[in-house]
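For reference, the structure discussed in these notes is given below.
The values are calculated or read from the model by the stated rules, or taken from the named source; none is laboratory data. All of these numbers come straight from a predicted model, not from anything done at the bench. FYI the Cβ positions are ideal-geometry reconstructions off the backbone, even for glycines, and counts take in every protein chain you see.
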Amino acid sequence: MTAADGPAEGERLQKVLARTGFGSRRKCEDLIDDGRVSVNGVTAILGQRVDTDHDRVEVDGIPVGVRQGLVYYLLNKPRGVVTTASDPHGRPTVIDLLPLEPRVFPVGRLDADTEGLLLLTNDGDLTHRLTHPSFGIEKEYLAQVEGTPSPGALRKLREGVELDDGMTAPAKASLVPPHTVRLTIHEGRNRQVRRMCGAVGHPVVRLVRTRIGPIAERQLAPGEWRPLTLAEVRALESAVSTAAK
Ligand code: URA
């Protein structure tokens, strides 16, 4: 019996790869033939079937979310909406803005006052990798601040700022004159951007997240969402995989 005949359970690997965005079945067969695909750490062979609920599939060493029914949404969170499933103060939540089924969870959080891009998904594995500090995915913010930060203040933001929970890691910071700082960080501490800007003397008056790793989007109005494209999901998986230390 060859692998191609093999247990008639599960889904054929090339079909799984095709539906998760790796191109035509033919292209996916080539990926397998070229030895670039593994299942549970073992190089896959053409015709192999996988249990998409349990098997771990990787392409070029990058884990691929293959479970059926995984959804990935990109929301432009409006100000005043909380990033939890329910709020004791009765404020609207990000979950209220999205389809009820399947149930999704936010990837990390934005303060109620913060606007901008938020990912929500039912892919717990990708969520874990995106939020775990060791993967250090970049998040970019536009922070409108009080006053105009000097080159010295921007340098401090870049080099690291002493906060009450320790020094921040080096960041990217530039001025969008006259009152906005474009700040890119890869940590996820509580209210980090607000505290960093406050620490260099420029309290934040408005904060918008404009990019999460490879995902940026300018077309969504506040409160609007769209599904991520398969290419975007792939790009995120790849970003967390290459960012891993
Ligand atoms: N930094 C903040 O201060 N607030 C956010 O919501 C996100 C990052």
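Taking the criterion of being within 16 Å of the ligand (Cβ to nearest atom), over 19 Å from V181 (Cβ atoms) and touching a Leu at 6+ places or on another chain (Cβ under 8 Å), the residues of region 206-224 that qualify are G213, I215. Only one of the listed residues (D55, D87) is surrounded by 14 or more Cβ atoms within 10 Å (Cβ to Cβ) and within 18 Å of L126 (Cα to Cα). That residue is D55.
Checking region 189-198 against the condition returns a match, with at least one residue being of a type outside the set (D, E), within 11 Å of the ligand (Cβ to nearest atom) and at pLDDT below 95. Do we find that S86 is modelled with pLDDT under 90 and among the small types (G, A, S) in this structure? So S86 passes the test. For R155, the stated conditions do not hold, so it cannot be described as over 30 Å from T20 (Cβ atoms), within 16 Å of the ligand (Cβ to nearest atom), among the basic types (K, R) and out of contact with any Gly (no Cβ under 6 Å at 6 or more places or on another chain). Within this structure, G160 fails the test of being within 16 Å of the ligand (Cβ to nearest atom), modelled with pLDDT of 95 or more and in contact with a Leu (Cβ under 9 Å, 6 or more places away or on another chain). Which members of region 186-219 meet the condition of being free of Cβ contacts under 8 Å to residues at least 60 places away in the same chain, within 21 Å of V233 (Cα to Cα) and touching a helix residue (DSSP H, G or I) at 6+ places or on another chain (Cβ under 6 Å)? Result: P214, single match.
If I filter region 111-125 for residues that are surrounded by 14 or more Cβ atoms within 10 Å (Cβ to Cβ), among the small types (G, A, S), touching a residue at least 12 places away in the same chain (Cβ under 8 Å) and in the same structural domain as P203 (by TED's automatic domain parsing), do I get at least one hit? No - not one qualifying residue is present in region 111-125. The lone criterion from (1) more than 22 Å from G124 (Cβ to Cβ); (2) within 16 Å of the ligand (Cβ to nearest atom) left unmet by S174 is number (2). Taking (1) loosely packed, with under 12 Cβ neighbours inside 10 Å; (2) over 27 Å from L120 (Cβ atoms); (3) touching a residue at least 12 places away in the same chain (Cβ under 8 Å) in turn, G35 satisfies each apart from (3).
Of the residues E187, E224, E162, E146, which single one is outside the structural domain of L100 (by TED's automatic domain parsing), under 19 Å from the mean Cα position of the chain (by Cα) and either over 30 Å from G65 (Cα atoms) or surrounded by fewer than 19 Cβ atoms within 10 Å (Cβ to Cβ) (or both)? Only one candidate passes the filter, namely E187. Of all residues in region 84-120, those satisfying the criterion of being under 30 Å from R19 (Cα atoms) and of a type in the set (V, I, T) are V94, I95, V104, V107.
Checking every residue in region 72-84 against the condition of being touching a Pro at 6+ places or on another chain (Cβ under 6 Å) and hydrophobic (A, V, I, L, M, F, W, C) gives at least one match.
Is there a residue being modelled with pLDDT under 90 and either hydrophobic (A, V, I, L, M, F, W, C) or over 27 Å from A171 (Cβ atoms) (or both) anywhere in region 130-141? Yes, there is a match, as at least one residue in region 130-141 is modelled with pLDDT under 90 and either hydrophobic (A, V, I, L, M, F, W, C) or over 27 Å from A171 (Cβ atoms) (or both).
Among the criteria (1) farther than 28 Å from P177 by Cα; (2) in a loop (DSSP other than H, G, I, E, B), the one L126 does not fulfil is (2). Against the conditions (1) touching a Ser or Thr at 6+ places or on another chain (Cβ under 9 Å); (2) outside any strand (DSSP E or B); (3) farther than 24 Å from V82 by Cα, S238 satisfies every one except (1).
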